[in-house]
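Asks: I am attaching a structure below and will ask some questions about it afterwards.
The values are calculated or read from the model by the stated rules, or taken from the named source; none is laboratory data. Quick caveat, the model's predicted, so the values are computed rather than measured. Don't worry about glycine lacking a Cβ; one is built from the backbone with ideal geometry, like all the others, and counts go over all protein chains shown. Remember, those area values only see protein heavy atoms, side chains included, never the ligands or the DNA or RNA. Shrake-Rupley method; radii C 1.70, N 1.55, O 1.52, S 1.80 Å.
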Amino acid sequence: MALFDLRQTQETDEVIGTDAATRALSVTAVENDFVAGVYENLASWYDYFFGPTLHAGRLQAIQRMGIRPGERVLEVGVGTGINASLYPRDCIVTGIDLSDSMLEKARERVWRKGLTNVRLLEMDAADLRFRDASFDIVYAPYLISVVPDPVAVVREMCRVCRPGGRVIVLNHFRSPNPILASIERAISPLTVHIGFKSDLDLPAFLAQADLKPVSIEKVNVPRLWSLVTCLKE
Amino acid sequence: MPVDPELLEILACPNCKTPVTLVKNNTALKCATCKRVYPIKDDIPVMLIDEATIED
(Lines give C-alpha, C1' and ligand atoms only; values in the text may rest on other atoms or scores of the structure.)
Protein backbone atom coordinates (compact mmCIF):
# COMPACT_ATOMS: atom_id res chain seq x y z
CA MET A 1 0.00 0.00 0.00
CA ALA A 2 1.36 3.42 -0.90
CA LEU A 3 2.18 5.85 1.84
CA PHE A 4 -0.91 7.79 2.86
CA ASP A 5 -3.25 5.89 0.62
CA LEU A 6 -6.48 7.83 0.85
CA ARG A 7 -8.75 4.86 0.35
CA GLN A 8 -11.43 4.35 2.92
CA THR A 9 -10.55 1.31 4.97
CA GLN A 10 -13.04 -0.97 6.57
CA GLU A 11 -11.98 0.38 9.94
CA THR A 12 -12.51 4.02 9.07
CA ASP A 13 -16.01 3.16 7.94
CA GLU A 14 -16.60 2.00 11.47
CA VAL A 15 -16.08 5.53 12.73
CA ILE A 16 -19.77 5.85 13.12
CA GLY A 17 -21.98 5.44 16.09
CA THR A 18 -23.99 8.28 17.40
CA ASP A 19 -22.14 8.60 20.70
CA ALA A 20 -18.53 8.21 19.47
CA ALA A 21 -17.79 11.83 20.32
CA THR A 22 -18.78 11.45 23.95
CA ARG A 23 -18.61 7.84 25.13
CA ALA A 24 -15.87 6.61 27.49
CA LEU A 25 -12.81 5.25 25.69
CA SER A 26 -12.31 2.44 28.19
CA VAL A 27 -13.92 0.96 31.29
CA THR A 28 -10.59 1.44 33.05
CA ALA A 29 -9.23 4.71 34.43
CA VAL A 30 -5.60 5.21 35.48
CA GLU A 31 -3.45 8.01 36.87
CA ASN A 32 0.08 8.97 35.83
CA ASP A 33 1.55 7.78 39.15
CA PHE A 34 -0.03 4.35 38.72
CA VAL A 35 1.26 4.01 35.15
CA ALA A 36 4.74 5.16 36.14
CA GLY A 37 4.73 2.57 38.94
CA VAL A 38 3.70 -0.25 36.59
CA TYR A 39 6.46 0.65 34.14
CA GLU A 40 9.08 0.98 36.89
CA ASN A 41 8.37 -2.71 37.53
CA LEU A 42 8.16 -3.62 33.84
CA ALA A 43 11.46 -2.00 32.86
CA SER A 44 13.63 -5.06 33.46
CA TRP A 45 11.52 -7.55 31.51
CA TYR A 46 9.56 -5.44 29.02
CA ASP A 47 11.85 -6.31 26.09
CA TYR A 48 11.58 -10.06 26.74
CA PHE A 49 7.80 -10.03 27.01
CA PHE A 50 6.70 -7.31 24.57
CA GLY A 51 9.80 -7.29 22.35
CA PRO A 52 9.29 -10.10 19.79
CA THR A 53 5.47 -10.18 20.15
CA LEU A 54 4.96 -6.62 18.97
CA HIS A 55 7.97 -6.25 16.68
CA ALA A 56 6.22 -6.62 13.31
CA GLY A 57 4.06 -3.59 14.10
CA ARG A 58 7.13 -1.54 15.01
CA LEU A 59 8.81 -2.37 11.70
CA GLN A 60 5.69 -1.56 9.72
CA ALA A 61 5.30 1.77 11.51
CA ILE A 62 8.86 2.85 10.68
CA GLN A 63 8.30 1.81 7.06
CA ARG A 64 5.01 3.71 6.90
CA MET A 65 6.69 6.91 8.20
CA GLY A 66 8.72 7.18 5.00
CA ILE A 67 11.41 9.08 6.89
CA ARG A 68 13.52 11.40 4.74
CA PRO A 69 17.10 12.45 5.56
CA GLY A 70 17.25 15.13 8.24
CA GLU A 71 13.64 14.75 9.35
CA ARG A 72 12.84 15.25 13.02
CA VAL A 73 10.99 12.38 14.66
CA LEU A 74 9.41 12.53 18.11
CA GLU A 75 8.73 9.16 19.74
CA VAL A 76 6.22 9.62 22.54
CA GLY A 77 6.64 6.83 25.09
CA VAL A 78 10.11 5.76 24.01
CA GLY A 79 10.25 3.21 26.84
CA THR A 80 13.36 1.03 26.74
CA GLY A 81 14.35 2.51 23.37
CA ILE A 82 13.40 -0.69 21.58
CA ASN A 83 12.74 1.28 18.35
CA ALA A 84 15.87 3.43 18.54
CA SER A 85 18.04 1.39 16.20
CA LEU A 86 15.20 0.89 13.68
CA TYR A 87 15.27 4.53 12.56
CA PRO A 88 17.55 5.60 9.70
CA ARG A 89 20.74 7.13 11.10
CA ASP A 90 20.26 10.29 9.06
CA CYS A 91 17.13 11.44 10.89
CA ILE A 92 17.00 13.09 14.32
CA VAL A 93 15.05 11.11 16.91
CA THR A 94 13.78 12.61 20.15
CA GLY A 95 12.32 10.12 22.63
CA ILE A 96 10.33 11.03 25.72
CA ASP A 97 8.96 8.94 28.57
CA LEU A 98 7.64 9.46 32.08
CA SER A 99 9.35 6.41 33.59
CA ASP A 100 12.96 7.00 34.57
CA SER A 101 13.61 3.25 34.85
CA MET A 102 12.52 2.74 31.25
CA LEU A 103 14.56 5.76 30.16
CA GLU A 104 17.63 4.36 31.90
CA LYS A 105 17.25 1.19 29.78
CA ALA A 106 16.87 3.38 26.69
CA ARG A 107 19.97 5.38 27.57
CA GLU A 108 22.01 2.17 27.96
CA ARG A 109 20.74 0.89 24.63
CA VAL A 110 21.45 4.15 22.77
CA TRP A 111 24.97 4.18 24.20
CA ARG A 112 25.58 0.46 23.50
CA LYS A 113 24.47 0.78 19.89
CA GLY A 114 26.31 4.07 19.37
CA LEU A 115 23.18 5.89 18.20
CA THR A 116 24.31 9.49 17.94
CA ASN A 117 21.03 10.59 16.32
CA VAL A 118 18.84 9.76 19.34
CA ARG A 119 18.21 11.98 22.38
CA LEU A 120 16.05 11.23 25.39
CA LEU A 121 14.00 13.39 27.75
CA GLU A 122 11.77 12.74 30.74
CA MET A 123 8.38 14.41 30.38
CA ASP A 124 4.65 13.84 30.46
CA ALA A 125 3.13 12.78 27.13
CA ALA A 126 0.02 14.85 27.86
CA ASP A 127 2.12 17.96 28.52
CA LEU A 128 4.91 17.98 25.94
CA ARG A 129 7.54 20.62 26.54
CA PHE A 130 8.26 21.43 22.92
CA ARG A 131 7.23 24.43 20.90
CA ASP A 132 4.49 24.12 18.29
CA ALA A 133 5.40 22.43 14.99
CA SER A 134 8.81 21.21 16.22
CA PHE A 135 8.71 17.80 14.48
CA ASP A 136 8.07 16.28 11.05
CA ILE A 137 6.83 12.97 12.45
CA VAL A 138 5.25 12.33 15.85
CA TYR A 139 4.83 8.67 16.75
CA ALA A 140 3.27 6.93 19.75
CA PRO A 141 4.06 3.18 19.75
CA TYR A 142 1.99 1.09 22.16
CA LEU A 143 1.41 4.11 24.38
CA ILE A 144 -2.09 5.43 23.91
CA SER A 145 -3.82 2.65 25.88
CA VAL A 146 -1.50 3.25 28.82
CA VAL A 147 -1.96 6.95 29.48
CA PRO A 148 -4.71 8.45 31.67
CA ASP A 149 -6.02 10.71 28.88
CA PRO A 150 -5.34 9.41 25.34
CA VAL A 151 -7.12 12.35 23.71
CA ALA A 152 -4.98 14.92 25.57
CA VAL A 153 -1.84 13.05 24.47
CA VAL A 154 -2.77 12.95 20.82
CA ARG A 155 -3.73 16.64 20.86
CA GLU A 156 -0.25 17.43 22.17
CA MET A 157 1.24 15.19 19.48
CA CYS A 158 -0.65 17.17 16.82
CA ARG A 159 0.43 20.48 18.34
CA VAL A 160 4.16 19.69 18.16
CA CYS A 161 3.87 18.24 14.63
CA ARG A 162 4.39 20.66 11.75
CA PRO A 163 1.57 21.20 9.24
CA GLY A 164 1.91 18.51 6.59
CA GLY A 165 3.75 16.24 9.03
CA ARG A 166 2.67 12.74 10.10
CA VAL A 167 1.07 11.73 13.39
CA ILE A 168 1.22 7.97 13.87
CA VAL A 169 -0.39 5.84 16.58
CA LEU A 170 0.37 2.14 16.94
CA ASN A 171 -1.85 0.40 19.45
CA HIS A 172 -4.25 -2.32 20.42
CA PHE A 173 -7.88 -1.24 20.25
CA ARG A 174 -11.06 -3.01 21.23
CA SER A 175 -12.19 -5.52 18.65
CA PRO A 176 -15.27 -4.77 16.50
CA ASN A 177 -16.29 -8.38 17.19
CA PRO A 178 -18.87 -8.19 20.03
CA ILE A 179 -17.68 -11.39 21.75
CA LEU A 180 -14.01 -10.40 21.70
CA ALA A 181 -14.94 -6.86 22.72
CA SER A 182 -16.80 -8.06 25.80
CA ILE A 183 -13.79 -10.16 26.82
CA GLU A 184 -11.47 -7.20 26.28
CA ARG A 185 -13.72 -5.01 28.41
CA ALA A 186 -13.85 -7.62 31.16
CA ILE A 187 -10.08 -8.09 31.37
CA SER A 188 -9.14 -4.41 30.99
CA PRO A 189 -8.98 -3.74 34.77
CA LEU A 190 -6.47 -6.63 34.95
CA THR A 191 -4.33 -5.92 31.87
CA VAL A 192 -3.75 -2.39 33.10
CA HIS A 193 -1.45 -3.93 35.71
CA ILE A 194 0.84 -5.17 32.95
CA GLY A 195 0.82 -1.84 31.20
CA PHE A 196 -2.22 -1.43 28.94
CA LYS A 197 -6.00 -1.16 28.78
CA SER A 198 -7.32 -3.89 26.52
CA ASP A 199 -10.57 -2.17 25.57
CA LEU A 200 -9.63 1.19 24.07
CA ASP A 201 -12.39 2.27 21.68
CA LEU A 202 -10.84 3.28 18.32
CA PRO A 203 -13.86 5.03 16.74
CA ALA A 204 -14.46 7.04 19.93
CA PHE A 205 -10.75 7.85 20.20
CA LEU A 206 -10.63 9.13 16.61
CA ALA A 207 -13.82 11.16 17.02
CA GLN A 208 -12.81 12.74 20.32
CA ALA A 209 -9.25 13.50 19.20
CA ASP A 210 -10.60 14.88 15.91
CA LEU A 211 -8.20 12.62 13.99
CA LYS A 212 -8.84 11.85 10.35
CA PRO A 213 -6.54 8.94 9.49
CA VAL A 214 -5.25 8.47 5.97
CA SER A 215 -4.79 4.78 6.70
CA ILE A 216 -5.56 2.23 9.39
CA GLU A 217 -3.76 -1.10 9.06
CA LYS A 218 -3.98 -4.21 11.18
CA VAL A 219 -0.56 -5.36 12.36
CA ASN A 220 1.18 -8.10 14.38
CA VAL A 221 0.12 -11.73 14.73
CA PRO A 222 -2.67 -12.12 15.69
CA ARG A 223 -3.74 -8.93 13.92
CA LEU A 224 -5.22 -7.30 16.98
CA TRP A 225 -3.19 -4.09 16.80
CA SER A 226 -3.77 -1.09 14.55
CA LEU A 227 -1.33 1.27 12.86
CA VAL A 228 -3.16 4.58 12.50
CA THR A 229 -1.49 7.13 10.20
CA CYS A 230 -2.68 10.74 10.08
CA LEU A 231 -1.51 13.83 8.23
CA LYS A 232 -1.37 17.05 10.22
CA GLU A 233 -3.40 19.64 8.33
CA MET B 1 23.52 13.79 22.02
CA PRO B 2 21.94 14.95 25.26
CA VAL B 3 21.15 18.63 24.69
CA ASP B 4 22.24 20.01 21.35
CA PRO B 5 21.45 23.52 20.01
CA GLU B 6 18.54 22.22 17.91
CA LEU B 7 16.94 20.65 20.97
CA LEU B 8 17.42 23.81 23.01
CA GLU B 9 15.71 25.69 20.20
CA ILE B 10 12.47 23.70 20.53
CA LEU B 11 12.43 23.02 24.29
CA ALA B 12 10.19 25.07 26.57
CA CYS B 13 9.84 25.42 30.34
CA PRO B 14 7.06 23.12 31.61
CA ASN B 15 5.81 25.93 33.84
CA CYS B 16 5.81 29.05 31.67
CA LYS B 17 6.44 27.60 28.20
CA THR B 18 9.30 30.01 27.53
CA PRO B 19 12.79 28.99 26.32
CA VAL B 20 15.31 27.32 28.63
CA THR B 21 19.09 27.60 28.64
CA LEU B 22 21.91 25.30 29.73
CA VAL B 23 23.39 26.12 33.13
CA LYS B 24 25.69 24.55 35.74
CA ASN B 25 28.28 23.39 33.26
CA ASN B 26 25.60 21.85 31.04
CA THR B 27 24.12 19.70 33.83
CA ALA B 28 20.78 21.51 34.07
CA LEU B 29 18.31 23.63 32.12
CA LYS B 30 17.01 26.91 33.49
CA CYS B 31 14.00 29.03 32.68
CA ALA B 32 14.82 32.74 32.87
CA THR B 33 11.19 33.61 33.58
CA CYS B 34 10.29 31.43 36.58
CA LYS B 35 13.90 30.62 37.59
CA ARG B 36 13.16 26.91 37.67
CA VAL B 37 16.14 24.65 37.12
CA TYR B 38 15.47 21.28 35.49
CA PRO B 39 18.14 18.63 36.13
CA ILE B 40 19.86 16.62 33.40
CA LYS B 41 20.29 13.13 34.89
CA ASP B 42 22.53 10.70 33.01
CA ASP B 43 22.22 12.84 29.88
CA ILE B 44 18.39 12.86 30.14
CA PRO B 45 16.77 16.27 30.76
CA VAL B 46 13.95 15.87 33.29
CA MET B 47 11.31 18.33 32.13
CA LEU B 48 8.93 17.88 35.06
CA ILE B 49 7.88 20.74 37.36
CA ASP B 50 7.98 18.42 40.40
CA GLU B 51 11.63 17.62 39.76
CA ALA B 52 12.71 21.25 39.35
CA THR B 53 14.25 23.57 41.90
CA ILE B 54 13.81 27.34 41.94
CA GLU B 55 17.15 29.16 41.95
CA ASP B 56 17.77 32.89 41.57
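Asks: Quick check for you: with a 1.4 Å probe and neighbouring chains kept, what is the accessible area per residue of segment A:10-231, in Å²?
Replies: Counting only protein heavy atoms, the per-residue value for segment A:10-231 is 41 Å².
Asks: Once you have all Cα-Cα distances for segment A:51-135, histogram them in 5 Å bins from zero and send the whole-percent values.
Replies: 3, 14, 26, 24, 23, 9, 1
Asks: Kindly flag which residue pairs out of A:113/B:24; A:232/B:41; A:105/B:30; A:105/A:218 have an alpha-carbon separation exceeding 31 Å in this structure.
Replies: A:232/B:41
Asks: Further question on the same structure: Take every Cα-Cα distance within segment A:38-197, group them into 5 Å bins from 0 onward, and report for each bin the whole-number percent of pairs it holds.
Replies: In order of increasing distance, the bins hold 2, 9, 18, 22, 22, 15, 8, 4, 1, 0 percent.
Asks: Where Lys and Arg each count +1 and Asp and Glu each count -1, what net charge lies around residue A:126 among other residues with Cβ under 10 Å from its Cβ?
Replies: -3
Asks: While we're looking at this one, here's another question. When all alpha-carbon pairs of chain B are counted, what percent fall beyond 17 Å?
Replies: Within chain B, distances greater than 17 Å cover 23 percent of Cα pairs.
Asks: Kirkwood hydrodynamic radius of segment A:51-94 from all distinct Cα pairs, in Å?
Replies: Answer for segment A:51-94: a Kirkwood hydrodynamic radius of 11.0 Å.
Asks: Need the per-residue list for segment B:34-49: every residue with at least 20 Å² less accessible surface in the complex of protein chains than in the chain by itself, probe 1.4 Å, sorted by number.
Replies: Residues losing area: B:42, B:44, B:45, B:46, B:47, B:48.
Asks: Estimate for me the total accessible surface buried between chains A and B (protein heavy atoms, probe 1.4 Å, no ligands or nucleic acids), in Å² to the nearest 100.
Replies: 1700
Asks: Any chance you could look up the accessible area of residue B:42 with a 1.4 Å probe, heavy atoms only, rounded to 10 Å²?
Replies: It works out to around 90 Å².
Asks: With every protein chain left in place, what is the accessible area of residue A:210 in Å² (1.4 Å probe, nearest 10)?
Replies: 110
Asks: Please express the shape of segment A:113-192 as an equivalent ellipsoid: the semi-axes are the square roots of 5 times the eigenvalues of the C-alpha gyration tensor, given largest first in whole angstrom.
Replies: Largest first, segment A:113-192 gives 29, 15, 13 Å.
Asks: At a 1.4 Å probe radius, carbon and sulfur cover how many percent of the accessible area of the protein assembly as shown?
Replies: Within the protein assembly as shown, the accessible surface is 56 percent carbon and sulfur.
Asks: Restricting to Cα pairs below 8 Å that are 6+ residues apart, what does the relative contact order work out to for chain B? Please round to a whole percent.
Replies: 26
Asks: Using a 1.4 Å probe on the heavy atoms of the protein chains only, list every residue of segment A:106-147 that has 40 Å² or more less accessible area in the complete assembly than in its chain alone.
Replies: A:107, A:119, A:120, A:121, A:122, A:129, A:131
Asks: With all protein chains present and a 1.4 Å probe, how do A:172, A:193 order by accessible area, largest first?
Replies: Final ranking, largest accessible area leading: A:193, A:172.
Asks: Which semi-axis lengths, in whole Å and largest first, follow from the square roots of five times the eigenvalues of the Cα gyration tensor of the protein assembly as shown?
Replies: Rounded to whole Å, the semi-axes are 31, 20, 19.
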